[in-house]
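Asks: Following this message is one structure expressed as structure tokens.
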Amino acid sequence: MKITTLILSSLLILTASVFAHEKKSTARNIAQVLKSPERPQQDKVRDTARKPADILALVDIQPNMTVVDFIAGRGYYTDLFARLLNNSGKLYSIKGKVEKRDLSQFTNISVLPSLDLSQIKSPVDRIFTALNYHDIINNPSIDRQELLKTIHRKLKDNGYFIVIDHNAAAGTGKSQTKKLHRIENTFVLNEIIKAGFILDRSLSVLANPNDNFTADVWQESTKGKTDRFVYRFKKVTKG
């Protein structure tokens with residue numbers, strides 16, 4: 001019994017040591033990516049408001065993963081994900097306007113113009129969307145329940161779906177998505193959990209309790225200073 005306990009204790013210590021080493025390695029890689037002289041200066045200016053070190057740690061991209069930047073916009077996160085993957089694995093930039101970026105050194109990026117995820121044939125490790133869930137609601141051609149089912153189906157077991165968006169005042173639900181470009185965090189949380197995901201982690205690094213919830217997110221006084229929620233959902237297959 002003592003020998004078994006000793007072996008078990010040694011294994012636990014070794015596992016903790018390996019995990020700590022991997023965590024330090026990931027943090028070091030993220031720091032190197034953020035400091036890269038090849039990153040556009042305008043992206044580095046945005047870093048203060050976007051807290052990419054914390055966000056990238058949450059997304060937890062590892063070599064050879066398949067990652068989807070869903071509704072990638074101007075490609076701020078597509079750029080970061082590409083540098084983290086460093087030509088390993090595969091990166092899909094969905095609806096990404098990345099033509100003004102020099103990503104020619106990365107040969108593993110596919111820029112897809114359509115929100116149709118059926119274009120992606122293989123299971124993926126991460127699906128990420130930032131400041132777009134309210135836009136999905138505003139698009140009448142999108143069946144959100146079907147989209148969430150597709151996202152769930154496309155993810156590998158224990159894969160992550162990460163969602164960031166501008167928070168709305170308590171009790172407003174999805175009523176402010178068009179006027180203010182905001183959505184209540186609990187509405188998103190409940191809708192995605194209902195689709196079969198579990199909430200794995202959340203971050204408060206983009207929270208701002210002093211946000212004016214009656215202001216449009218594009219107002220100069222509000223831009224980059226909104227109260228934003230960050231959720232990481234996990235796909236867990238029922239046993």
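Asks: Residue-wise, which Karplus ³J(HN,Hα) couplings in Hz belong to the range 35-49, taking 6.51 cos²θ - 1.76 cosθ + 1.60, θ = phi - 60°, and x for glycine or proline?
Replies: The phi angles translate into 8, 3, x, 7, 5, x, 4, 5, 5, 5, 5, 6, 4, 4, 7 Hz.
Asks: Across the range 171-177, in residue order, what do the Karplus-derived ³J(HN,Hα) couplings come to in whole Hz, using 6.51 cos²θ - 1.76 cosθ + 1.60 with θ = phi - 60° and x for Gly and Pro?
Replies: x, 8, x, 9, 6, 10, 5
Asks: Could you give the spread of the C-alpha atoms of the range 143-239 along their three principal axes, from largest to smallest, in whole angstroms?
Replies: 48, 28, 20
Asks: The range 33-79 to the range 168-183: how many Å between their Cα centroids?
Replies: The two parts, judged by their Cα centres, are 26 Å apart.
Asks: Then there's this: Have a look at 97, 156, 51 and tell me which one the Gaussian network model of the chain (Cα, springs below 10 Å) gives the largest fluctuation.
Replies: Top of the fluctuation ranking is 51.
Asks: Shifting gears a bit: Per 0.36 nm of contour for each residue apart, how much would the distance between residue 104 and residue 179 grow if the chain were fully extended, relative to their Cα-Cα spacing?
Replies: Details: separation 75, 0.36 × 75 = 27.00 nm, distance 3.81 nm.
Between residue 104 and residue 179, full extension yields 23.2 nm more.
Asks: Turning to a different aspect of this structure: Using a 7 Å offset from the Cα along the Cα-to-Cβ direction at both residue 156 and residue 121, what is the distance between the two label points in nm, to one decimal?
Replies: So the two model labels end up 1.8 nm from each other.
Asks: I've got another one for you. Once phi is turned into ³J(HN,Hα) by the Karplus curve 6.51 cos²θ - 1.76 cosθ + 1.60 with θ = phi - 60°, what whole-Hz value does each residue of the range 189-195 show in order, with x for glycine and proline?
Replies: 4, 5, 5, 6, 5, 4, 7
Asks: Sorted by average packing, counted as other Cβ atoms within 10 angstrom per residue and highest first, what order do 219-227, 80-88, 112-120, 99-107 take?
Replies: 80-88, 219-227, 112-120, 99-107
Asks: Residues with amide H under 5 Å of residue 168's amide H, sequence separation 5 or more or different chain, H placed in the peptide plane at 1.01 Å from N; which?
Replies: Hits under the 5 Å cutoff: 183, 184, 185.
Asks: Go ahead and run the numbers for FRET between residue 86 and residue 138, Cβ-Cβ distance against an R0 of 41 Å, rounding to 0.05. If you can, show how the numbers build up before the last one.
Replies: On the way: r = 35 Å, r/R0 = 0.86.
For R0 = 41 Å, the calculated efficiency reads 0.70.
Asks: Taking Cα centroids, how far is the range 142-164 from the range 218-239 in Å?
Replies: Rounded to whole Å, the Cα centres lie 15 Å apart.
Asks: Next up: Would you grab the residues whose amide H sits under 5 Å from the one on residue 92? Only those 5+ places off in sequence or on another chain, please, with H modelled 1.01 Å from N.
Replies: 67, 68, 69, 110
Asks: Amide H to amide H under 5 Å from residue 201: which residues, 5+ apart in sequence or cross-chain, H placed 1.01 Å off N in plane?
Replies: Under 5 Å from the amide H of residue 201: 232.
Asks: What is the list of residues in the range 158-196 whose amide nitrogen lies under 15 Å from a point 7 angstrom out from the Cα of residue 51, following Cα to Cβ?
Replies: Output list for this probe position: 163-167.
Asks: For helix 144-154, what angle does its Cα long axis make with the longest principal axis of the chain, in degrees from 0 to 90 and rounded to 10?
Replies: The angle comes out near 20 degrees.
Asks: Stretched out fully, how many nm does the piece from residue 237 to residue 223 gain, at 0.36 nm a residue minus the Cα gap? Intermediate values should be presented prior to the final figure.
Replies: Working: separation 14, 0.36 × 14 = 5.04 nm, distance 3.89 nm.
This chain segment gains 1.2 nm when fully extended.
Quick note: the coordinates plus some simple rules give every number you see, no bench work behind them. Keep in mind that this is a model prediction, so the values were computed, not measured. Here the Cβ is made from the backbone with ideal geometry for all residues, glycine too, and neighbour counts use every protein chain on show.
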